[in-house]
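The values are calculated or read from the model by the stated rules, or taken from the named source; none is laboratory data. The structure displayed is predicted, hence computed values, not measured ones. No Cβ is skipped: glycine too gets one built from the backbone with ideal geometry, and neighbour counts run over all protein chains shown.
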Amino acid sequence: MKLVTFSLDDSLNKKSYNSIGILIDNNEKIIDISKISHGELPNNMLEFLNNFDSNNMVLKKLLNQDNLNKYKINSNTVTFKAPLPNPRSFRDAYAFRKHVEAGRKNRGLKMIPEYDQIPVFYFSNHNSIKGPGKIYVQKKHLTKLDFEFEIALVVSKQGKNISATNALNYIAGLVIMNDWSARELQFQEMKLNLGPAKGKDFATSIGPYIITLDELENYIIKLKNGFTYDLNMKGYINGELVSNDNMKNMSWSFSEIIERASYGVTLYPGDLIGSGTCETGCFLELNLRNNTNDWLKIGDEVELCVDSLGSLKNIISFDKNEA
């Protein structure tokens, strides 16, 4: 299933409402999950994830009924939000080795053996999650503003000390992620060997939908210690292809990252975990490769596309509310 969060103007009652739904009919229609269940199922994604397995069972039965047409909404009449606007927490990993090597080279550092010993991650701002559409930035963000092309997983059930071989059972689905980066702020604070913080905390985009793992069975690659997926990743700036990689090139799989993240700590439904940036997945790396000095500016459109995960589009806009 393709799970979405959306808003819709209710012209009859002269107000708008937010809900969650499933994309169907080649993404042209949405089934409102709360309406088709007559309120039995929640109208927000975090609550739906709290009882993900049981809610899914109810939902699948409802989708087998004959009168689905009366619950269908044209997808071009809604505004898509971040499919999970309010994750409980947000961890971001560092799983694509080629990107890590390029980032360290940019800072004059050699690759270190510790990278191959543990999958590392940092915590970022789970209250700054955005969806498709405009990304509002302030003046200091625009100095070396960058995109970061990632894939994220959404945790579906509570667990602690989860083994990599069992991690698949704790994932609701995958979603495209863009971890926006203000590099000037990031470089400044990381000279102090702490962060990233202000260089990252202003916005992270996810969308357009969370795709459940049953939809990805044809892409799965079973590993000795877990799993990954064969999913092509292509990134475009103003329509020009700049990024090209594949999820299977993660040096650390999501199953291994879940094992590490859950060691001695409980993961909860609605936790969000990013893969880290793919190879060629940001200007920081592309500039180093191409000897260029390209960064994002107001009006630029960033589109990230992944097999079966759809297309996440954002446009850089200036935050006029800055003091």
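How about region 186-210: which of its residues are buried (at least 22 other Cβ atoms within 10 Å of the Cβ) and in contact (Cβ under 8 Å) with a residue 40 or more places away in the chain? Spell out the reasoning first.
At the first step, the residues of region 186-210 found to be buried (at least 22 other Cβ atoms within 10 Å of the Cβ) are 199-200, 204-210.
Correct list: Lys200, Thr204, Ser205, Ile206, Gly207, Pro208, Tyr209, Ile210.
With respect to Ser54, is the statement that it is surrounded by fewer than 11 Cβ atoms within 10 Å (Cβ to Cβ), among the polar types (S, T, N, Q) and not in a loop (DSSP other than H, G, I, E, B) true? Spell out the reasoning first.
On the way: surrounded by fewer than 11 Cβ atoms within 10 Å (Cβ to Cβ): yes; among the polar types (S, T, N, Q): yes; not in a loop (DSSP other than H, G, I, E, B): yes.
Yes, satisfied.
For the condition more than 17 Å from the chain's Cα centre (by Cα), over 25 Å from Leu145 (Cβ atoms) and surrounded by 15 or more Cβ atoms within 10 Å (Cβ to Cβ), what is the one hit in Glu285, Glu217, Glu259? It would help to see each step written out before you state the result.
Values: Glu285 fails: over 25 Å from Leu145 (Cβ atoms); Glu217 fails: surrounded by 15 or more Cβ atoms within 10 Å (Cβ to Cβ).
Exactly one of Glu285, Glu217, Glu259 is more than 17 Å from the chain's Cα centre (by Cα), over 25 Å from Leu145 (Cβ atoms) and surrounded by 15 or more Cβ atoms within 10 Å (Cβ to Cβ), namely Glu259.
Could we say that Ile221 is assigned by TED's automatic domain parsing to the domain that holds Lys297, under 21 Å from Met250 (Cα atoms) and in contact (Cβ under 8 Å) with a residue 60 or more places away in the chain here?
No, not satisfied.
Scan region 127-144 residue by residue and report those that are more than 30 Å from Asn76 (Cβ to Cβ) and either surrounded by 14 or more Cβ atoms within 10 Å (Cβ to Cβ) or touching a Gly at 6+ places or on another chain (Cβ under 7 Å) (or both).
Gln138, Lys140, His141, Leu142, Lys144
Would you say Gly108 is exposed (fewer than 14 other Cβ atoms within 10 Å of the Cβ), in the same structural domain as Gln186 (by TED's automatic domain parsing), small (Gly, Ala, Ser) and over 27 Å from Ser262 (Cα atoms)?
It is true that Gly108 is exposed (fewer than 14 other Cβ atoms within 10 Å of the Cβ), in the same structural domain as Gln186 (by TED's automatic domain parsing), small (Gly, Ala, Ser) and over 27 Å from Ser262 (Cα atoms).
Please determine whether any residue of region 300-315 is assigned to a strand (DSSP E or B), at pLDDT 95 or above and among the small types (Gly, Ala, Ser).
Filtering region 300-315 down to residues assigned to a strand (DSSP E or B) leaves 301-306, 310-315.
Next, from what is left, pick out any that are at pLDDT 95 or above: 301-306, 310-315.
Filter once more, keeping what is among the small types (Gly, Ala, Ser): 310-311.
Checking region 300-315: at least one residue is assigned to a strand (DSSP E or B), at pLDDT 95 or above and among the small types (Gly, Ala, Ser).
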